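The values are calculated or read from the model by the stated rules, or taken from the named source; none is laboratory data. Keep in mind that this is a model prediction, so the values were computed, not measured. No Cβ is skipped: glycine too gets one built from the backbone with ideal geometry, and neighbour counts run over all protein chains shown. Note: areas computed on protein heavy atoms with side chains; ligands, DNA, RNA excluded. Shrake-Rupley method; radii C 1.70, N 1.55, O 1.52, S 1.80 Å.
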Amino acid sequence: MTSASKKIIQFADIGIADAVAENKTASPAAKNIPVIDLPAAQAKAFFLKAESYCNFDLPPYFVFGTLLASLDKKLTGKSLSNFREVDHSPRDHDDLNHIILNNKDGKYAWRPLELIHPASYVSLVHTITEPSAWQFICTRFREFSQNPKIECVSLPLASLTREKDRAEQVFNWWVEVEQRSIEFALDYGYLIQTDITDCYGAIYTHAIAWALHGKAFAKIKANRDNRSLIGNQIDNGIQDMSHGQTNGIPQGSVLMDFIAEMVLGYADLELSQKITAAGIQDYRILRYRDDYRVFINNTSDGEVIAKLITETMIDLGMKINPAKTFSTNRVISSSIKQDKLFWIGQKRTERSLQKHLLLIHDLAQKFPNSGSLASALNAYHHRLLRFNKTKEAILPLISISLDIALHNPKTYSITAAVLSKLLSMLGGDDQKRAVMQKIEKKFSQIPNIGHLQIWLQRITLIFDKEWNFPEPLCQAVAGQPAAIWNSDWLKGDIASLMDAEKIIDRKKIDALSEIIPVSEVELFMSKIWNY
């Protein structure tokens, strides 16, 4: 084994590392591996990681790994139906999953982040990673990508380093989308960008069977209810966890990202056939989930491909977002996100804490919820941590930080970290409580802020563990009765596993620091990744 391989395995899950060693296509220096290159057992382990179950930011005292492992042990070799109450079905309940309605714009738009019922989640993982089913699925994915001119660069990745899987996914976007797009400017003069409106919410669950077995075959009457077809098994599993609905799949887990890729990969295959039939040869397409970048030299070819993408999505029950569709001959500048270009131009030498934060506030107003905004706040958090005290007024800094979070929900976790440091520079606990009361009052005017309440509680736990937040996860942390998932349909000891206390680590709560450290909120662990 090479020294590079040993370094990889030093930080990797040993099962995944072994899979890489057996995979002759994997580079010894690889930092990640696509999930479809993992054997079934390692794929199962990957999807059952806590990081895969919940891929949005939560404080470190929320732990799902032990619960998932217990369910995995109980369900291995058994059907979830064996644990149901008589005449009860999970799809009878519309509160099966725990939904955190995450406000998207500080106003009326929202995105549902779902903690899927763990028993349903583990059961679906078992279904997908059953060895013969997993082999079939992976073979189908390779069929989706048979046209080298249409590349999917968003398949879930297993990290082989100390970095989180999600960090690898973000870095992969930078390498495979942004940097490749810039390279394509050497060969192509025009770029068309577009994406799908509310992709996860629009996915038709029956389209999963279409994707895995072919639409014509899956729609044959005898095949529609054929439970031996893995596509139907996945379809039914999602309907079970979604109150029987066939429109939309839950958001918030790597497993659902993977299932979305089944449908989107099938769309790639259909699109490839349509482009070939149209006789177009000079093009390249990069797809990152529902985001398409089409590179062409002939604008009329681009118009045809854009039309074919629209038609392909309509056939699958989805729509292209006209507000995010545009064509340009400025391939390089359009390959880099505009928020990043803006922020690069705004960087200055050392400045006061308030002026620095006001520049970030300006970025937030021009490019809300952007990746550059999160990066800028991360850098500001790092800077704040160097100060034990400051002559600058703290309350204005808190006010500016709050206004950023108010309109930029993607920054909740890092803003909480900034606030924790600023609050530590105030007086005693009474003054901190008074400021937190103002913060809570300010955000009470906004609907759907459960995710924010989780992070505000992380701050208040240090000086007031009994602070009341209505979000059920917060109530569980406070030791109050809280039903996170509806388990009325389950029987026996498997139902007892759903106690909310089992996903909370009290020792981690007792060990919390007043100031939220970088390790709790920053995605990347090493500086080399801060591109």
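In segment 331-365, the qualifying residues are those that are open to solvent by 50 Å² or more (accessible area, probe 1.4 Å) and touching a residue at least 60 places away in the same chain (Cβ under 8 Å), and the one that is farthest from the chain's Cα centre (by Cα) is 332. Being within 30 Å of residue 331 (Cα to Cα) and among the polar types (S, T, N, Q) holds for only one residue in 194, 246, and it is 194. Mind telling me which of the residues 393, 323, 306, 379 ends up being in contact with a strand residue (DSSP E or B) (Cβ under 7 Å, 6 or more places away or on another chain) and open to solvent by 30 Å² or more (accessible area, probe 1.4 Å)? Answer to the check: 306.
State whether the residues of segment 175-185 include one that is in a loop (DSSP other than H, G, I, E, B), of a type in the set (Gly, Ala, Ser) and open to solvent by 50 Å² or more (accessible area, probe 1.4 Å). No, segment 175-185 contains no residue that is in a loop (DSSP other than H, G, I, E, B), of a type in the set (Gly, Ala, Ser) and open to solvent by 50 Å² or more (accessible area, probe 1.4 Å). Could you list all residues from segment 484-494 that are small (Gly, Ala, Ser) and surrounded by 15 or more Cβ atoms within 10 Å (Cβ to Cβ)? Across segment 484-494, the qualifying residue is only 487.
To keep it simple, each residue is scored yes or no on (1) closer than 30 Å to residue 122 by Cβ; (2) within 21 Å of the chain's Cα centre (by Cα); (3) surrounded by 18 or more Cβ atoms within 10 Å (Cβ to Cβ).
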| position | (1), (2), (3) |
| --- | --- |
| 215 | yes, no, no |
| 254 | yes, yes, yes |
| 301 | no, no, yes |
| 314 | no, no, no |
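A quick yes/no check of all residues on (1) closer than 30 Å to residue 95 by Cα; (2) not hydrophobic (A, V, I, L, M, F, W, C):
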site	(1), (2)
180	no, yes
197	yes, yes
213	no, yes
219	no, yes
222	no, no
231	yes, yes
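Residues that are among the hydroxyl-bearing types (Ser, Thr, Tyr) and more than 28 Å from residue 459 (Cβ to Cβ) occur in segment 83-100; there is at least one.
Cβ-Cβ contacts under 7 Å between residues 6 or more apart (or on different chains), taken from a first residue in segment 466-483 that is at negative phi to a second residue that is part of a helix (DSSP H, G or I) and among the hydroxyl-bearing types (Ser, Thr, Tyr), are listed as 467/460.
Go through the residues of segment 111-126 one by one and say whether even a single one is open to solvent by 60 Å² or more (accessible area, probe 1.4 Å), in contact with a His (Cβ under 9 Å, 6 or more places away or on another chain) and at pLDDT below 95. It would help to see each step written out before you state the result.
Taking segment 111-126 first, the residues open to solvent by 60 Å² or more (accessible area, probe 1.4 Å) are 111.
Filter again for in contact with a His (Cβ under 9 Å, 6 or more places away or on another chain), leaving none.
No, there is no match, as no residue in segment 111-126 is open to solvent by 60 Å² or more (accessible area, probe 1.4 Å), in contact with a His (Cβ under 9 Å, 6 or more places away or on another chain) and at pLDDT below 95.
Scanning segment 60-70 for residues that are farther than 15 Å from residue 500 by Cβ and in contact (Cβ under 8 Å) with a residue 60 or more places away in the chain turns up just one, 60.
Taking the criterion of being open to solvent by less than 50 Å² (accessible area, probe 1.4 Å) and either under 21 Å from residue 423 (Cα atoms) or over 28 Å from the mean Cα position of the chain (by Cα) (or both), the residues of segment 495-512 that qualify are 509, 512. In segment 157-168, the count of residues that are open to solvent by 20 Å² or more (accessible area, probe 1.4 Å) and under 18 Å from residue 287 (Cβ atoms) is zero.
All of 249, 234 fail the test of being out of contact with any Leu (no Cβ under 9 Å at 6 or more places or on another chain) and within 29 Å of residue 112 (Cα to Cα), apart from 249.
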